[in-house]
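Step one of this worksheet: look at the structure below.
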There are 2 protein chains.
Amino acid sequence: MRDVAVIGLGMTKWGELWAKPLRTIFVEAALLAIEDAGLDRIDSMVVGCMSSGLFVGQEHLASLLSDYLGRIPIPAARVESACSSGGLALRQGFIEVASGMSDVVLVGGVEKMTDVTGCEATFALGTAADQEYESYQGLTFPGLYAMMAVAHMHRYGTTRDQLSMVAVKNHDNGSKNPLAQFPSKVTVEMVNQSVLVADPLRILDCSPITDGAAAVVLCPLDMAKRMKRPAIRITGSGHATDTISLSSRKDITRLESTHIAAGKALAMAGRKIEDMDLFEVHDCFTIAEIMITEALGLAAPGQGGKAVEEGVTGLRGKHPVNPSGGLKSKGHPVGATGVAQAVEVVKQLRGEAGERQVKGAKRGLTQNMGGTGGSALVHVFEAD
Amino acid sequence: MRDVAVIGLGMTKWGELWAKPLRTIFVEAALLAIEDAGLDRIDSMVVGCMSSGLFVGQEHLASLLSDYLGRIPIPAARVESACSSGGLALRQGFIEVASGMSDVVLVGGVEKMTDVTGCEATFALGTAADQEYESYQGLTFPGLYAMMAVAHMHRYGTTRDQLSMVAVKNHDNGSKNPLAQFPSKVTVEMVNQSVLVADPLRILDCSPITDGAAAVVLCPLDMAKRMKRPAIRITGSGHATDTISLSSRKDITRLESTHIAAGKALAMAGRKIEDMDLFEVHDCFTIAEIMITEALGLAAPGQGGKAVEEGVTGLRGKHPVNPSGGLKSKGHPVGATGVAQAVEVVKQLRGEAGERQVKGAKRGLTQNMGGTGGSALVHVFEAD
């Protein structure tokens, strides 16, 4: 397998982009990535999107987007793994370049979620759960993560305040990110007193509904080295699945697929988790980030709440988690999230993250997951 | 890139499988493929499915299917390219094995289309067209292909009888396929007099709505050679896109993406189209097969109707097209079709196709397309 580098990044402001259709949102991010790469050549593209069918009545997405990007007849593939569709797109693009099948691959992620009502969006997101054993019983994602939170609090003594501190940290970071949907800062009190969604999760524990896209350009490392832009290598890719339904899990306080995917990605990179300087992870709910820090080994099992409380995962902490603001503050256009994580990590490793720069960052890790962890994708990035 | 072989095939009877949910249909085909491979090991899986979101309210499909196949925590990816989702799954699996990322990859395709009403199915299929420029104007796929048929008849003198002869041939072939949804034979008169759907296309010009799945197991060729089952190599893979909307095409009587994808696949294999002994192609409508034979170079532009009339594409003709019965007779569970084409070609190259065996077949080609040709996937298979 060939070494693979990221040579272009593209992302626009995320939010409720009512004036722009899905194709426009995607094309804007893709053009920024192509411009950033400084290379007017795309051999193939891979797009992550969870449910353009349910959100905007459009499948055959890769054909549409290759057309609107003006890139036909190149191969274009769309991949789906619920909220980890973007991470999956990155992995497929990585494999395609590593294999030698294509040299320059555009990897994009996109979701247009605000063209439907809140109920319809909740239904569409609910299709990431097991339709027969979860969705049909009326469960939606805040309810599923609320059960995980209750179990975690009960078993480990994780507190309401610790959940809130995840939101406070990520909104603090997001306030330094001009592309974030909600760059506003929040306090522990604000989170604790916000509207209850599914006990114990409150509205400020939840990532928002967002329209957005992100894109990166990949190419072989040796090709990247001949170019002007800094080449950040992807040195590890891990992908794992777990039971789609929470009811089938051995332990609903553990994210086993994340643990396995991270182990694979780090092994491929020949690195340990301690070697990583920053982390972009899937904080779809505050409890998710706490459980992810444990699954990655940044905190012992049950100690994820304590880690955020003690500042371990803060921007200036030992293990900075979600310097971009994470899904909480930056927004969560589900299919785009995994690609946006790569955009942030590469930006950090280039030293271009401005106010939220993790100083001297040389290695970073992204963790993206689908549903309640039925799928997880982890990638390791390194500056040369 | 490593050489890749197909070592396992799985497919069950297709039709209106009301008693079986999507997961069951998929698992049955996957288990047959694993059994056929004689190898109880799967390192990764790729599933093609067009729209489980709209058809059955389930996304996050690869997580679900890896779970129900009892294969967690292996990596599992779902890919979508409308009706060419199966062909795209095959390509992604091929790249994954060729790259060295995984050794044994299960490639599956599945669609459960009969749980919704006819109107809902028509809407779901319509999402393969350009939503803003085609679907919103009321166009559905019979209408789109009818326009292509009218243009072809007008420009080249293709006749009503020639369209019907495609259906007659494919139902003849399908009558020899015990897994076909409609193994009944039809006559030119029956097709000519069947209910009009979108002038000039009649109901017997159209492939049906089908529930079904198909699966193949891929591995590196050197590994396959050490096993007992015959190893059929995938020697070429081509993928191309075209404008998603017919209104943007230079010429709606040409399938440019198929022409380009076939050229790439044959170039990779180091073969010419004349070297192929049989073809499984995407006859979603009778006119589609006529245009595909031209795009592949089996007939000159405009001469595809004549080719079927003269028996060139018959089971005992010079270029046997759709020995399986094609989408017309075998059925068209959209995401499964591209994988089922591979099942048929490999079965033929193994000499296991029974009554519909193309004698002495050593090389075969599959052509799978999405929408009106907005995407196309072509693969070349060779017996050792």
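The values are calculated or read from the model by the stated rules, or taken from the named source; none is laboratory data. Here the structure is a predicted model, which is why all the values come from computation and not from measurement. FYI the Cβ positions are ideal-geometry reconstructions off the backbone, even for glycines, and counts take in every protein chain you see. With ligands, DNA and RNA removed, areas are computed over all heavy atoms of the protein, side chains included. Shrake-Rupley method; radii C 1.70, N 1.55, O 1.52, S 1.80 Å.
Overview of values
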| item | result |
| --- | --- |
| Cβ crowding within 10 Å averaged over residues, with B:321-328, A:272-279 ranked highest first | B:321-328, A:272-279 |
| Accessible surface of chain B [probe 1.4 Å, protein heavy atoms]: carbon and sulfur percent | 54 |
| Charge dipole of chain B about the Cα centre (unit charges at C-beta), most positive-ward option of B:142, B:313, B:303 | B:313 |
| For chain B, built as a Gaussian network whose Cα springs stay under 10 Å, the top-fluctuating residue of B:57, B:371, B:38 | B:57 |
| Region B:7-60 - percent relative contact order, Cα under 8 Å, separation 6 or more | 39 |
| Net charge dipole size for region A:81-207 [Lys, Arg +1 and Asp, Glu -1 on Cβ; Debye, nearest 20] | 460 |
| Amide hydrogen neighbours beyond the local backbone of residue B:236, cut-off 5 Å, H modeled | B:380 |
| Distance between region A:142-165 and region B:72-116 - C-alpha centres, whole angstrom | 36 |
| Label point 7 Å beyond Cα of residue A:352 along Cβ direction - residues of region A:263-304 with amide nitrogen under 19 Å | A:278-280 |
| Distance between modelled label sites at residue A:359 and residue A:1, nm, 7 Å Cα→Cβ extension | 3.5 |
| Shielded by partner chains, region B:225-274 residues - at least 30 Å² of accessible area, 1.4 Å probe, vs chain alone | B:239, B:241, B:243, B:244 |
| At least 24 Å along the helix axis (C-alpha) and Kyte average at least -1.0, DSSP helices within chain B | B:334-350 |
| Taking region B:47-197 and dividing mean pair separation by its residue count, relative contact order in percent (alpha carbons under 8 Å, at least six apart) | 18 |
| Nonlocal amide H pairs with residue B:83, under 5 Å, H built at 1.01 Å | B:371 |
| Charge dipole (debye, nearest 20) of chain B; +1 at Cβ of Lys and Arg, -1 at Cβ of Asp and Glu | 940 |
| Contact order normalised by residue count of chain A, Cα under 8 Å, 6+ apart, percent | 26 |
| Residues of the protein assembly as shown: accessible area per residue with a 1.4 Å probe, Å² | 31 |
| Positive-end residue of A:232, A:195, A:179, charge dipole of region A:170-320 with Cβ unit charges | A:232 |
| Listed pairs A:347/B:264; B:250/B:362; B:169/B:362 exceeding 32 Å between Cα atoms | A:347/B:264; B:250/B:362 |
| 1.4 Å probe, heavy atoms, protein only - residues of region B:20-68 losing at least 40 Å² accessible area vs chain alone | B:23, B:54, B:57, B:58, B:59, B:60, B:63, B:67 |
| Per-residue ³J(HN,Hα) for region B:326-332, Karplus 6.51 cos²θ - 1.76 cosθ + 1.60, θ = phi - 60°, Hz, x for Gly and Pro | x, 5, 4, 9, 6, x, 9 |
| ³J(HN,Hα), Karplus 6.51/-1.76/1.60, whole Hz, each residue of region A:230-242, x for Gly, Pro | x, 9, 9, 7, 9, 9, x, 9, x, 9, 8, 10, 9 |
| Amide hydrogen neighbours beyond the local backbone of residue B:280, cut-off 5 Å, H modeled | B:322, B:365, B:366, B:367 |
| Summed buried accessible surface, chains B and A, 1.4 Å probe, nearest 100 Å² | 4700 |
| Chain B - mean residue ellipticity at 222 nm from DSSP helices (-39,500 (n - 2.57) per run, n ≥ 4, rounded to 500) | -11500 deg cm²/dmol |
| Dipole magnitude (debye, nearest 20) for the protein assembly as shown, charges at Cβ of Lys, Arg, Asp, Glu | 1480 |
| Share, in percent, of DSSP beta bridges within the protein assembly as shown that are antiparallel, nearest 5 | 75 |
| Identity and axial distance of the chain A residue whose Cβ lies nearest the axis relating A to B, Å | A:99, 2 |
